[in-house]
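Report on the structure given below.
The values are calculated or read from the model by the stated rules, or taken from the named source; none is laboratory data. Keep in mind that what you see is a predicted model, and the values were worked out from it rather than measured. Note: ideal-geometry Cβ built from the backbone for every residue, glycine included; neighbour counts use all protein chains shown. Side chains are part of the model used for accessible areas, which takes the heavy atoms of the whole protein and leaves out ligands, DNA and RNA. Shrake-Rupley method; radii C 1.70, N 1.55, O 1.52, S 1.80 Å.
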Amino acid sequence: MKILVTGANGQLGSEINGLADSYSNLDFVFSDLPELDICNKEKLSQFVSENKIEAIINCAAYTAVDKAEEDFETAELVNATAVGNLVFVAEEQNLKLIHISTDYVFDGTAHFPYTEDYEVSPIGVYGATKRKGEEYVINSESESIVIRTSWLYSSFGNNFVKTMLRLGKERDELGVIFDQVGTPTYARDLAQACLEIFSKEEKLDQKGKIYHFSNEGVASWYDFSKAIMEIGMVDCLVKPIETKDYPTPAQRPHYSVMNKAKIKADFGIEVPYWRDSLKECISRIKEEV
Ligand SMILES: NC(=O)C1=CN([C@@H]2O[C@H](COP(=O)(O)OP(=O)(O)OC[C@H]3O[C@@H](n4cnc5c(N)ncnc54)[C@H](OP(=O)(O)O)[C@@H]3O)[C@@H](O)[C@H]2O)C=CC1
Ligand SMILES: Cc1cn([C@H]2C[C@H](O)[C@@H](COP(=O)(O)OP(=O)(O)O[C@H]3O[C@@H](C)C(=O)[C@@H](O)[C@H]3O)O2)c(=O)[nH]c1=O
């Protein structure tokens, strides 16, 4: 199967690229801006046709959560309208599609892990635009699924893990929010899950259009930071603070832990514990320095 990976220079796209050689049954075409802009429907359609693409993993997105609050138009274009383009091309050329979405489609008022059918209610522009993108896929007749993930990090690109390692070296002390709880996800584990799903012969959306994938376990951003400092061997005192003590342009859900039973049952995906994956990622970050 020949798979187009869009947004391939980002965290998830880079991790898929790193794993590609282990999947000899899959062929890949990696693309990103400026070569392939998913907002350009005609070029997208032409690119897919010329390259004889059979499936797409959409890793392209507008992921700047705070910036999205004032740059609504670009966030909407990339996270929603462009997903409509991908769905159009998938229907037009009979492609399979995996689209990635976020825990930020939930408002964070639940007290137990979110299942796929739980009502969404985004509280920020990023989450709202990602939800609109999901709707294109959910309503599509193409063989397509949405995989929601949360708190993604990688040895590639910029993310919370790298920010903490940097700030921890620069400062003696750091305040990190403890009243936002979710699950970190190593992008390499999500990349592997996507490729495992494509390696199976089953119809993608046989058992539903939405899946949840994160690592196992639960953490606050504070717990996550403490683990990053400990595993990264950075000597910095991390102090728990409340959301009100770290004002940001975008509101974030207080609780966004997701239930992963469906992806495990339907596709036989194994999910590593978040601290184990964090160790693996930090050792890769250290190797690369
Ligand atoms: N990061 C996170 O914490 C989380 C991410 N997700 C979702 O996971 C997916 C992957 O995220 P992640 O790998 O972190 O994202 P990144 O921000 O690391 O990568 C996104 C990539 O998409 C590219 N891109 C942006 N606009 C376009 C466009 N119009 N056409 C083609 N490519 C474009 C970006 O290019 P450029 O950098 O030049 O803009 C970048 O290379 C996204 O759907 C995201 O919403 C879900 C939960 C958590
Ligand atoms: C840097 C820093 C952040 N924080 C807080 C702010 C915020 O509530 C939380 C996480 O910060 P960030 O801004 O890095 O994370 P954020 O951009 O909100 O991360 C989100 O990105 C999008 C793309 C997603 O889809 C989500 O799943 C999630 O991963 O940590 C501190 O408390 N102290 C600090 O020093």
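Going by what's in this entry, would ASP189 be described as touching a Phe, Trp or Tyr at 6+ places or on another chain (Cβ under 9 Å), part of a helix (DSSP H, G or I) and surrounded by fewer than 20 Cβ atoms within 10 Å (Cβ to Cβ)?
For ASP189, the condition - touching a Phe, Trp or Tyr at 6+ places or on another chain (Cβ under 9 Å), part of a helix (DSSP H, G or I) and surrounded by fewer than 20 Cβ atoms within 10 Å (Cβ to Cβ) - is not met.
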*Kindly indicate which of THR74, THR63 is open to solvent by 30 Å² or more (accessible area, probe 1.4 Å), within 16 Å of ligand 2 (Cβ to nearest atom) and either hydrophobic (A, V, I, L, M, F, W, C) or not in a loop (DSSP other than H, G, I, E, B) (or both).*
THR74
_Positions within segment 130-168 being more than 11 Å from ligand 2 (Cβ to nearest atom), open to solvent by less than 10 Å² (accessible area, probe 1.4 Å) and assigned to a helix (DSSP H, G or I), in sequence order_ = GLY133, GLU134, VAL137
*Could you count how many residues in segment 162-195 are within 16 Å of the chain's Cα centre (by Cα) and more than 16 Å from ligand 1 (Cβ to nearest atom)?*
0
_Quick check on segment 216-226: of everything there that is within 12 Å of ligand 2 (Cβ to nearest atom) and not charged (D, E, K, R), which residue is surrounded by the fewest Cβ atoms within 10 Å (Cβ to Cβ)?_
SER220
*Go through (1) open to solvent by less than 50 Å² (accessible area, probe 1.4 Å); (2) farther than 23 Å from GLU196 by Cβ; (3) within 16 Å of ligand 2 (Cβ to nearest atom); (4) not in a loop (DSSP other than H, G, I, E, B) and name the single condition ILE100 misses.*
(2)
*segment 1-28 residues that are farther than 18 Å from ASP189 by Cβ and within 16 Å of ligand 2 (Cβ to nearest atom), paired with ones that are of a type in the set (S, T, N, Q) and at pLDDT below 95 (beta carbon under 9 Å, 6 or more apart)*: none
_Selection within segment 228-287 - small (Gly, Ala, Ser) and more than 20 Å from the chain's Cα centre (by Cα)_ = GLY232, ALA265, SER283
*What do you reckon, is LYS203 within 28 Å of THR129 (Cβ to Cβ) and either in a helix (DSSP H, G or I) or open to solvent by 10 Å² or more (accessible area, probe 1.4 Å) (or both)?*
no
*If we scan segment 275-288, do we find a residue that is farther than 21 Å from TYR153 by Cβ, more than 16 Å from ligand 1 (Cβ to nearest atom), surrounded by fewer than 19 Cβ atoms within 10 Å (Cβ to Cβ) and not charged (D, E, K, R)?*
no
